[in-house]
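Engineer: Take a look at the following structure, please.
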Amino acid sequence: MGGVTTSALRSHVTKSSKSILGALFSGFDVMVVPKIITIIYVLMIAAVLIGGLFGFISSLGMMTQGGGTAAFGLLSLICTAVFTVIGALISRIFCELAVVQFKIHEALQDIRTQTARQ
């Protein structure tokens, strides 16, 4: 592990294994967001999929009305599919960036701990 002592690892595991509720009231030594980022991601994907479903239903409604709206319904259906995929991709990127930020924070804390011992 490149110079990380067992006690430092034990301390890190103890810090990261606290419950979310316990972390809420323990100050800012333990980060809460990395523990709930998966829940946030699932909620974001659910919102994107629900929006896509409403867009799909709306597009089908436009296509079945006949006249000139069938072409707009098809265009709307294609746009709905594209924007649903883009929304899911942006949600993933946002959550990954948040996780990376917290991993950088943890790495900097480890570096600070190691340099303080020297």
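Each value in this text was obtained by applying a stated rule to the coordinates, not by laboratory testing. Bear in mind that the values here come from a model prediction, so they are computed numbers and not experimental data. All Cβ positions, even for glycine, are placed from backbone atoms using ideal geometry, and neighbour counts span all protein chains on display.
Engineer: Tell me, what is the percent relative contact order of the range 31-117, built from C-alpha pairs under 8 Å that lie six or more residues apart? Can you show the working numbers first?
Structural biologist: On the way: 50 pairs, mean separation 30.2, N = 87.
Rounded, it is 35 percent for the range 31-117.
Engineer: So if I place +1 on the C-beta of Lys and Arg and -1 on the C-beta of Asp and Glu, and nothing else carries charge, what would the dipole magnitude of the range 31-117 be about its Cα centre? I want it in debye, nearest 20. Don't skip to the answer; put the middle values down first.
Structural biologist: Details: 5 positive and 3 negative charges, 51 e Å.
So the dipole magnitude of the range 31-117 works out to roughly 240 debye.
Engineer: What is the calculated FRET efficiency for Phe56 to Glu96, with r their C-beta to C-beta distance and R₀ = 30 Å, to the nearest 0.05?
Structural biologist: Between Phe56 and Glu96 the formula returns 0.65.
Engineer: What Kirkwood Rh does the range 31-117 have if only Cα atoms enter the pairwise 1/r average? Answer in Å.
Structural biologist: When all Cα pairs of the range 31-117 are included, the Kirkwood radius is 15.6 Å.
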